[in-house]
Amino acid sequence: DKPKRRPAMKSAFVVVANRLPVDQTTDPDGTVRWRRSPGGLVTALEPVMRANKGAWIGWSGSSDDGDERQEPFDEAGMHLIPMQLTSDDVEEYYEGFSNGTLWPLYHDVIAQPVFHREWWDAYTKVNERFARAAAEVADEGAVVWVHDYQLQLVPEMLRALRPDLRIGFFLHIPFPPNELFARLPWRRQILRGLLGADLVGFQRPGAAANFLRLTRRMLGHQTQADRAILADGRIVRAGAFPISIDMAELEEIARRPETEARAQEIRDEIGNPDKVFLGIDRLDYTKGIGERIKAFFELLNEGELSPEEATFLQVATPSRERVEEYKALRNDVELLVGRVNGAHGRIGRPAMTYLHNSFVRTELAALYRAADVMVVTPLRDGMNLVAKEFIACRYDNTGTLILSEFAGAADELRQALLVNPYDVDGLKQALLQAVRVEPREASRKMRAMRRYLAEHDVDRWANTFLEKLAGRPEL
Ligand code: ADQ
């Protein structure tokens with residue numbers, strides 16, 4: 001549909017995120033269309049957006065310098081305000097400071113963070129543009145919810161422009177301890193940026209504690225259990241709000257007969273092994289993809305497993321393909337897959353299937369249904385929604401989840417087979433344990449995790465955060 005244009009309006013609820021919740025596509029005749037992107041965040045916020053004439057500010061994903069200004073438009077019941085990034089912005093603010101500096105620094109320095117002053121300047125400049133756009137669209141006293149590591153300066157900038165607003169911030173990725181955060185040349189600016197919010201939310205309690213400790217240490221603010229008290233008396237609360245998924249929606253897809261048929265077809269196509277291991281990740285060095293393949297490879301090499309007993313299906317979504325580390329990672333993973341198949345595959349029956357592609361939700365649900373063992377082994381992960389999506393699809397209480405201790409999800413999914421992904425022997429043990437588990441034990445654990453998730457879905461996450469944000473600071 002052609003987007004509807006409308007005059008500037010004010011919203012009582014504004015979301016500010018790096019990306020818009022829609023993707024831009026261009027028809028052959030040049031017509032620009034928007035498609036709602038899949039993802040829990042939009043689904044979770046939709047009721048609040050509808051009830052409050054909500055607006056969403058974010059990058060459209062395109063970076064053509066010559067583009068005319070993209071006007072705000074209404075789509076899928078939301079008022080959308082596209083932010084334009086030039087190709088320099090994309091290189092310096094997005095690929096550079098966000099994904100070359102902050103992403104590795106916040107993920108335990110698994111890759112070396114790169115510090116460039118020009119990247120920082122671009123980050124500041126783009127954050128300012130997002131803050132100005134939010135200040136323009138927010139109604140008097142509106143609630144503004146800022147998301148993630150790309151926009152950590154927005155809360156402070158926005159408060160300076162609009163002190164009347166109620167500002168929340170949620171970080172989707174881990175927040176590091178002092179030992180790592182202290183390396184950042186702009187560490188104080190980032191902390192001050194975040195402290196512009198009334199409520200700063202993290203995935204795990206440890207991250208909130210890191211943040212409060214750092215504000216005390218680096219900025220000298222007083223802190224109490226869940227809050228920092230600034231010199232001017234303003235109170236900034238911090239806490240853990242573990243994000244979740246729309247369990248009901250995914251389970252509905254998983255239960256469809258066509259999903260079940262597709263799951264069976266997938267198993268047939270990979271040669272009907274007794275057990276199927278599955279990995280689904282963005283192709284990112286934080287996800288521990290190499291570690292899990294290596295463990296599987298060693299089990300095959302040692303004759304502990306055969307490809308008839310178990311094959312590995314690894315789906316990797318292309319991601320940040322212009323960043324150097326990501327190119328190197330892709331080479332490493334693809335080399336390893338080639339080795340596994342070269343040594344253990346036969347004609348028409350690979351030991352591993354590897355897909356470097358993005359899939360629609362129905363296909364993802366079929367993959368989750370086709371698997372026996374979901375292998376989620378990030379070296380560090382804010383939450384990891386894949387683990388939760390797998391559980392949502394296992395409505396018959398079958399299947400085993402192997403989960404890294406270093407994923408936020410490990411705080412909640414205690415019945416998973418928890419592993420340290422750096423420990424290859426431990427990983428191998430877990431893979432074997434998962435293929436040999438008693439069905440009754442597996443089902444007892446799955447049932448417990450499903451009960452937990454049914455209670456803690458993404459609606460509850462959004463509501464808990466927004467209620468806390470709306471509450472008075474004394475509460
Ligand atoms: P991500 O690092 O992207 O998210 P994750 O939480 O696993 O990691 O979410 C990935 C999403 O992409 C899932 O919904 C999954 O279904 C989807 N996906 C994966 N592979 C796909 C494919 N091939 N095709 C289509 N979709 C695919 C960041 C943080 C996480 C945190 C989330 C949410 O790094 O720790 O859980 O944000 O806060």
| query | Expressed in nm to one decimal, what extension gain is obtained for the pair residue 301 and residue 433 from 0.36 nm per residue of sequence separation less their Cα-Cα distance? | reply | 45.8 nm
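Please report, largest first and rounded to whole Å, the three semi-axes of the ellipsoid equivalent to the range 387-426, where each semi-axis is the square root of five times an eigenvalue of the C-alpha gyration tensor.
Details: eigenvalues 80, 26, 11 Å².
For the range 387-426, the ellipsoid semi-axes come out as 20, 11, 7 Å.
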| task | Determine the percent antiparallel among the DSSP beta bridges restricted to the range 318-434, to the nearest 5. | result | 10 percent
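Using the Kirkwood radius over C-alpha pairs as Rh, can you work out the diffusion coefficient of the range 392-475 via Stokes-Einstein at 37 °C, viscosity 0.692 mPa s, in µm² per second?
Values: Rh = 14.8 Å.
D = 222 µm²/s.
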| For residue 334 and residue 179 in one chain, what is 0.36 nm times their gap in residues minus the Cα-Cα distance, to one decimal in nm? | 52.4 nm
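Could you work out how much longer the chain between residue 282 and residue 264 gets when fully extended? Use 0.36 nm per residue separation minus the Cα distance between them, nm to one decimal.
Details: separation 18, 0.36 × 18 = 6.48 nm, distance 2.45 nm.
Separation in residues times 0.36 nm, less the Cα-Cα distance, equals 4.0 nm.
Which percent, nearest 5, of DSSP beta bridges in the chain are antiparallel? List each step's numbers first, then the result.
Numbers: 17 of 66 bridges.
Just about 25 percent of them are antiparallel.
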| task | Over the residues of the range 346-390, compute the C-alpha Rg and express it relative to 2.2 N^0.38 Å. | result | 1.37
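Give me the one-decimal Kirkwood hydrodynamic radius in Å for the range 259-350, with the sum taken over alpha-carbon pairs. Spell out each step's value before the answer.
Working: mean 1/r = 0.0705 Å⁻¹.
After inverting the mean inverse Cα-Cα distance, the result is 14.2 Å.
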| said: Sequence gap of 8 or more, or different chains, plus Cα separation below 26 Å: how many lysine pairs satisfy both in the chain? | reply: 23
| message | Normalised radius of gyration for the range 364-434, please: alpha carbon Rg relative to 2.2 N^0.38 Å, two decimal places. | response | 1.03
| query | When the distances between all Cα atoms of the range 300-451 are binned every 10 Å from zero, what whole-number percent does each bin get? | reply | 10, 36, 41, 13, 1
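At 20 °C and 1.002 mPa s, what whole-number value in µm²/s does Stokes-Einstein give for the translational diffusion of the range 42-109, with Rh from the Kirkwood sum over Cα pairs?
153 µm²/s
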| task | Apply the Debye scattering formula to the range 80-130, with a single equal point scatterer on each alpha-carbon and no solvent, then give log10 I(q)/I(0) at q = 0.16 Å⁻¹. | result | -0.45
| query | Using a basic spin-label model with each label point 7 Å from the Cα along Cα→Cβ, how many nm lie between residue 231 and residue 33? | reply | 5.6 nm
| task | Could you sort 276-283, 409-416 so that the peptide with the highest average Cβ count within 10 Å comes first and the rest follow in order? | result | 276-283, 409-416
| remark: So, over other residues within a Cβ distance under 14 Å of residue 362, counting Lys, Arg +1 and Asp, Glu -1, the net charge is -3
| message | If you fit an axis through the alpha-carbon atoms of helix 361-370 and take the longest principal axis of the Cα set of the chain, what angle between them do you get, 0 to 90°, nearest 10? | response | 40 degrees
| field | Degrees between helix 289-301 axis and first principal axis of the chain (Cα, 0 to 90, nearest 10) | value | 10 degrees
| query | Roughly how compact is the chain, stated as its Cα Rg over 2.2 N^0.38 Å to two decimals? | reply | 1.00
| Euclidean distance of C-alpha centroids, the range 285-322 and the range 410-475, integer Å | 22 Å
| In nm, to one decimal, how far is the modelled label at residue 398 from the one at residue 361, with both set 7 Å along Cα→Cβ? | 2.4 nm
| task | Under 17 Å from a label point 7 Å along Cα→Cβ of residue 470: give me every residue in the range 197-240 with its amide N that close. | result | 198-199
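FYI, it's all coordinate maths here, none of it is from the lab. Quick caveat, the model's predicted, so the values are computed rather than measured. Every residue, glycine as well, gets a Cβ built from its backbone with ideal geometry; the counts of neighbours run over all protein chains shown.
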